[in-house]
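Read-outs: derived from the displayed coordinates by stated rules, not from any lab. What you see is a predicted model, and the numbers here were worked out from it, not measured in a lab. Because the Cβ atoms are built from the backbone with ideal geometry, glycine has one as well, and the counts that use them run over all protein chains shown.
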Amino acid sequence: MSILGQRLRGAQFEVSDLRGNIDRLLQDLEDAVFIFNRERHLVFASGSVEKFLGRERVDLAGQPIAGVFPPSTTLGLLIAQASATGRSVRNRRVPLRAPGETGPGVPIVLLSVDLLESLPGAVGSGAALLVRLRDFKQHAFIFSQPFQKLAPCTSQAQLV
């Protein structure tokens, strides 16, 4: 029994370590990533979430989709529709507007929504929901830059 307990604790540590590594990777990407379980409650949010929503990740944990993305906003409405219909959304330009917020200068995000048929560690059937927000200006800037042609490598020393 104690061997089984040790293995379970080791597995829990590995899962925790893996989640930390995934979180660091997602923060480096600067995309806000949300994963909602099949009941549509938030089970994971990357660190970049705070940049987009202005709310702490810990305050969002366990909230339903409508609590994170109010359906009164264009963003919330599109996510709710994608969740209800099971249709993916790919890089759709959407204003990032809080309820009641007006005026010019509202940031635009690229929204992607995907259904995850099986979520590791999930019990039962049903699809989880992956929501990703990207900074439209940053994305547009990166892809507007011309790629520089690299000179061909002529010597073995350049290959190292």
Can you compute the modelled spin-label distance between residue 63 and residue 90, with each label point 7 Å from Cα toward Cβ, in nm? 3.0 nm
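Tell me the net charge near residue 78. Cut-off is 12 Å between Cβ atoms, residue 78 excluded, with +1 for each Lys or Arg and -1 for each Asp or Glu. Don't skip to the answer; put the middle values down first.
Values: positive: 87, 90, 92, 93; negative: none.
Summing Lys/Arg as +1 and Asp/Glu as -1 gives +4.
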Residue 56 versus residue 106: modelled label distance in nm, points set 7 Å from Cα along the beta carbon direction: 2.8 nm
Mind giving me the nanometre distance, one decimal, between the label points for residue 35 and residue 114, set 7 Å out from Cα along Cα→Cβ? 1.2 nm
Tally Lys and Arg at +1 and Asp and Glu at -1 over the other residues with C-beta under 14 Å from the C-beta of residue 130: what net charge comes out? +3
